[in-house]
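Taking it in order: structure first as structure tokens, then the write-up.
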């Protein structure tokens, strides 16, 4: 199966060096249970351009994060490929380290889920949904709980000082801008303006 590649070319027309980030907002962004991550991060100096590419292939991930709060960095220690339409649920287990079992069928249709075994300690790890090799959402792992991630096609861009996998509070990100791909369009050109706003061209 050939997957569509999406591309965003971002130009820094401001006077400041920093990082462009792409992120997604979970469907129920008011719940507070699922956090957005700095999904893709590219450093870019003034008058330079950087390019993001991705496909909509999915997976599940886990990381030893401690308490999952904005500012923490989610660095995946284990990733399993998954598919919202078939192999869509996995078990998070703990045996001195955190790991995900190979995904099986039977999760919520159209979503990805992680069941946490009774051996998972409290507030030590997090699980996430992977898109194109990088974790886009994460949730705190808890014993005997299940986290459900619903794939979205909403993409946002921002600029500042960010690290790959950083847990975001997108409500506090200034001047973030949604990237809309019209039907049949898979390439977007965007510019960061001197006043911190974004323009498309």
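The values are calculated or read from the model by the stated rules, or taken from the named source; none is laboratory data. The model shown is predicted, which means the values in this text are computed figures rather than measured ones. Cβ: placed from backbone, ideal geometry, glycine included. Neighbour counts: every protein chain shown.
Brief remarks follow.
- For region 125-147, the tally of residues that are outside any loop (DSSP other than H, G, I, E, B) and crowded, with 17+ Cβ neighbours inside 10 Å stands at 14.
- Among residues of region 68-85 that are free of Cβ contacts under 8 Å to residues at least 60 places away in the same chain and on the phi < 0 side of the Ramachandran plot, those with a Cβ under 6 angstrom from a residue that is crowded, with 17+ Cβ neighbours inside 10 Å and in a loop (DSSP other than H, G, I, E, B), sequence gap 6+ or separate chain, pair up as 80/103; 82/88; 82/103.
- The one condition in (1) surrounded by fewer than 14 Cβ atoms within 10 Å (Cβ to Cβ); (2) closer than 18 Å to residue 42 by Cα; (3) at pLDDT 95 or above that residue 179 fails to fulfil: (1)
- All positions within region 148-160 that are touching a residue at least 60 places away in the same chain (Cβ under 8 Å), more than 29 Å from residue 46 (Cα to Cα) and part of a strand (DSSP E or B): 149
- Criterion: surrounded by 18 or more Cβ atoms within 10 Å (Cβ to Cβ), touching a strand residue (DSSP E or B) at 6+ places or on another chain (Cβ under 8 Å), at pLDDT 95 or above and not in a loop (DSSP other than H, G, I, E, B) - qualifying residue of 68, 92: 92
- Test set (1) without any contact (Cβ under 8 Å) to a residue 40 or more places away in the chain; (2) part of a loop (DSSP other than H, G, I, E, B) - residue 26 fails condition number: (1)
- Selection status of residue 163, exposed (fewer than 12 other Cβ atoms within 10 Å of the Cβ) and closer than 17 Å to residue 40 by Cα: no
- Scanning region 30-48 for residues that are surrounded by fewer than 15 Cβ atoms within 10 Å (Cβ to Cβ) and either touching a helix residue (DSSP H, G or I) at 6+ places or on another chain (Cβ under 8 Å) or at pLDDT 95 or above (or both) yields 43, 45, 46, 47, 48.
- Check on residue 163, part of a loop (DSSP other than H, G, I, E, B) and within 30 Å of residue 13 (Cβ to Cβ): yes
- Hits in region 154-169 - residues which are more than 24 Å from residue 49 (Cβ to Cβ) and modelled with pLDDT under 95: 169
- Yes/no for residue 196 being within 30 Å of residue 14 (Cα to Cα) and in contact with a strand residue (DSSP E or B) (Cβ under 9 Å, 6 or more places away or on another chain): yes
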